[in-house]
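The values are calculated or read from the model by the stated rules, or taken from the named source; none is laboratory data. For clarity, every value in this text was computed on a predicted model and none was experimentally measured. Please note: Cβ atoms are built from the backbone with ideal geometry, for glycine as well, and neighbour counts cover all protein chains shown. To get the accessible areas, we keep the full protein, side chains included, count just its heavy atoms, and leave off ligands, DNA and RNA. Shrake-Rupley method; radii C 1.70, N 1.55, O 1.52, S 1.80 Å.
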Amino acid sequence: MKFKPLKIGDLTARIPVIQGGMGVGISLAGLAGAVAASGGVGIISTAQIGFREETFDRDPIGTNLRAIGKELAKARELAKGGIVGVNIMVATKKYEEYVRAAAAAGADLIISGAGLPMTLPELVRGTKTKIAPIVSSLKSSQVIFRYWLKKYDRLPDLVVIEGPDAGGHLGFSYEQLENCEGLDYDREITAIIDHVKECGRTRGQEIPVAVAGGIYTAQDAEKAFSLGADGVQMATRFVTTYECDAPIEYKRAYINAGREDIVLVKSPVGMPGRAIRNAFIERTKEGPVPHGKCHLCVSTCDPATTPYCITDALVNAAKGDTDHALLFCGTNAWRATGLEHVSDIMKEFQ
């Protein structure tokens, strides 16, 4: 199958692949720049993006806001004119400041999920930054479109549909994810696409839709395109690339994982997630894991009652301490057999 370019307003990705945002520190400038240079859309995760900076412990939010511009600048140097954006979770504390910082730094695109990004249009007003909500249901798509039209007289530039096979935090209940076979998600995808396209037609606007969750090969992408998608978002496949910003210990965890090692977890963020079974996950089953100073990551976490610190767990992952880390992944992480180059992956989708 010959894949068509992905057009997002006046931006065009030669290859219709968006690299999904992965935090903490898994998709930074290195990975995003390589994907953009290869013809796709590179995405930097802003989740605790400044964790390596000296000021992070005493001023996490200020440090993160400054790091957004630094990482975008680095990514652009690698991107060779390609599209570089950011992923910002709605659940992020000071979400509005993160969005404004990314737009001010010239992000081509902001993709936003882990909640409904109701205020996103206002936050990028007056900039060229494109905006894309992540949705997992027709209902959430309808709510966002209705509100954006009424409040801002605006529609999204792109919509990302994230299905139940995705990694990280997921927009489904724990029970739904335990019984994925019972979800007729292809029907939900087509319903969302029909809604998006119809809304776009009423405004004379082409709104592309990318499908995410379980996309690992070009064959997986073909199914998404057969349902009406204009592009795909893929994250797990990019972890085991030489260019990924994750440490080698993180990448080896994917390579060594079996299908049975991919499990669901309950996150302090208040959403279920998917990760690789390890010593840390087994430890969380025994009771709360002690944690240190709060780094102000998400608004849904109460440090006094959280079973473990999501920042600690994800920073440990980004530093290669995999026995004390939460290793987020999609359902297909077990398919990795070794390291590969981003450019070789992207050639599969041409």
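If DNA, RNA and ligands are ignored and the probe is 1.4 Å, what is the ranking of 46, 331 by accessible area, most exposed first?
Listed by decreasing accessible area, they come as 331, 46.
So the label point goes 7 Å from the Cα of residue 80 along Cα→C-beta, right? Which residues of the stretch 1-43 then have their backbone N under 13 Å from it?
Within reach of a label on residue 80: 14-15, 33-40.
Compare the peptides 260-267, 129-136, 249-256 by average per-residue count of other Cβ atoms within 10 angstrom and give them in order, highest first.
129-136, 249-256, 260-267
If packing is taken as the average number of other Cβ atoms within 10 Å across a peptide's residues, how do 59-72, 10-23, 333-346 rank, most packed first?
10-23, 59-72, 333-346
For a quick size check, give me the Cα extents of the chain along its three principal axes, largest first, whole Å.
54, 40, 39
At 222 nm, what helix-only mean residue ellipticity would the chain give, in deg cm²/dmol to the nearest 500, using -39500 (n - 2.57) for each DSSP H run of four or more?
Computed ellipticity for the chain at 222 nm equals -10000 deg cm²/dmol.
What number comes out for the charge environment of residue 44, summing +1 per Lys or Arg and -1 per Asp or Glu over other residues with Cβ under 12 Å away?
Residues close to residue 44 contribute a combined charge of 0.
Just to confirm a number: summing +1 for Lys and Arg and -1 for Asp and Glu over residues other than residue 239 whose beta-carbon lies under 14 angstrom from that of residue 239, what do you get?
The answer is +1.
Of all accessible surface on the chain at a 1.4 Å probe, what whole percent is carbon and sulfur?
The computed percentage sits at 49.
Tell me the accessible surface of residue 49 in square angstrom (1.4 angstrom probe, heavy atoms of protein chains only), to the nearest ten.
10
Projecting each Cα onto the charge dipole of the chain (Lys/Arg +1, Asp/Glu -1 at the beta carbon, about the Cα centre), which of 334, 72, 152 comes out farthest on the positive side?
152
Applying 1/(1 + (r/R0)^6) with R0 = 41 Å to the Cβ-Cβ distance of residue 55 and residue 153, what FRET efficiency is obtained, to the nearest 0.05?
So the FRET efficiency works out to roughly 0.55.
Given a Förster radius of 22 Å and the C-beta distance between residue 184 and residue 118 as r, what FRET efficiency does 1/(1 + (r/R0)^6) yield to the nearest 0.05?
0.20
Once you charge only the Cβ atoms, +1 for Lys and Arg and -1 for Asp and Glu, what is the size of the charge dipole of the chain about its Cα centre, to the nearest 20 debye?
Dipole of the chain, to the nearest 20 debye: 920 debye.
Using 0.36 nm per residue, how much length does the chain from residue 4 to residue 249 gain when fully extended, once their Cα-Cα distance is taken away?
Extending this stretch completely gives an extra 84.6 nm.
Ignoring ligands, DNA and RNA, what accessible area per residue does the chain give at 1.4 Å, in Å²?
42
Lys and Arg at +1, Asp and Glu at -1: add these up for the other residues within a Cβ distance under 9 Å of residue 136 and post the number.
Cβ neighbours under 9 Å give a net charge of -2.
Charges on Cβ only, +1 for Lys and Arg, -1 for Asp and Glu, centred on the Cα centroid of the chain; of 317, 135, 98, which one is farthest towards the dipole's positive end?
98
For the residue pair residue 219 and residue 285, what label-to-label distance in nm results when each label sits 7 Å from Cα along the Cα-to-beta-carbon direction?
Modelled inter-label distance: 3.3 nm.
May I ask what percent, to the nearest 5, of DSSP beta bridges between residues of the stretch 1-93 are antiparallel?
35
Take the Cα coordinates of the stretch 24-82, assign each an equal point scatterer, and use the Debye formula without solvent to give log10 I(q)/I(0) at q = 0.14, 0.19, 0.20 Å⁻¹.
At q = 0.14, 0.19, 0.20 Å⁻¹ the computed log10 ratios are -0.36, -0.60, -0.65.
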